[in-house]
Amino acid sequence: MNQFEKISEEEDRIGKAIVNAAYEVHKELGPGLLEKVYEVCFCHLLRKAGFDVHRQLMVPIVFDGLYFEEGLRLDVMVNDLVICELKAIESVNPVWEAQLLSHLKLTGKRLGYLINFNVPLIKNGIKRMVL
């Protein structure tokens, strides 16, 4: 698979649901709360919509032939296909985009979202990334 190959219909469907859930949570709660509050509400809406959602998922990594149980901690994984990194901060650090790309690469996933809920308009807080 290369970076120019389109994402699957299932990944696209999940992505739309992720964006909708982010909009709904932000509309209801607004900015200024702790990341964990957004995470719980965001995951609740996705589960309510029928998705399999895991929070704070530990993902092992293999490096130099060694297996590390404590490899990665993903904020949210949806249907074992799409990764979401959630933030509730004033400004997004570019390293978080790099972190999400690394998480996609290390897990073999192609679609991820970096979502910052601490913004006046949620559309400015959502970054979609495809590997």
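Throughout, read-outs are computed from the coordinates displayed, never taken from laboratory work. Computed from a predicted model, the values in this text were never measured in an experiment. Glycine gets a Cβ as well: all are built from the backbone with ideal geometry, and neighbour counts include every protein chain shown.
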Extension gain from E70 to E97, taking 0.36 nm per residue of separation minus the Cα-Cα distance: 7.6 nm
Can you list residues whose amide H is under 5 Å from I126's amide H, if they're 5+ apart or on another chain and H is modeled 1.01 Å from N? N116
Rounded to the nearest 10 degrees, the helix 94-107 long axis (Cα) sits at an angle to the longest Cα principal axis of the chain of 50
How many percent of all Cα-Cα pairs in the chain sit more than 21 Å apart? 39
To the nearest 10 degrees, how steep is helix 35-48 against the longest Cα principal axis of the chain, on a 0 to 90 scale? 80
Please work out how much length the chain gains when fully extended from V19 to R47, using 0.36 nm per residue of separation minus the C-alpha to C-alpha distance, in nm with one decimal. 8.7 nm
Contact order relative to length for the chain, counting C-alpha pairs under 8 Å separated by 6 or more residues, stands in percent at 24
Once you sort the root eigenvalues of the Cα gyration tensor of segment 74-116 as a ≥ b ≥ c, which label holds: rounded (a/c under 1.5), prolate (a/b larger than b/c) or oblate (the other case)? oblate
Between R55 and V37, the two model label points (7 Å from Cα along the beta-carbon direction) sit apart by a distance in nm of 1.4
Restricting to DSSP H runs of at least four residues, report the calculated mean residue ellipticity at 222 nm for the chain, -39500 (n - 2.57) per run over all residues, nearest 500 deg cm²/dmol. -12500 deg cm²/dmol
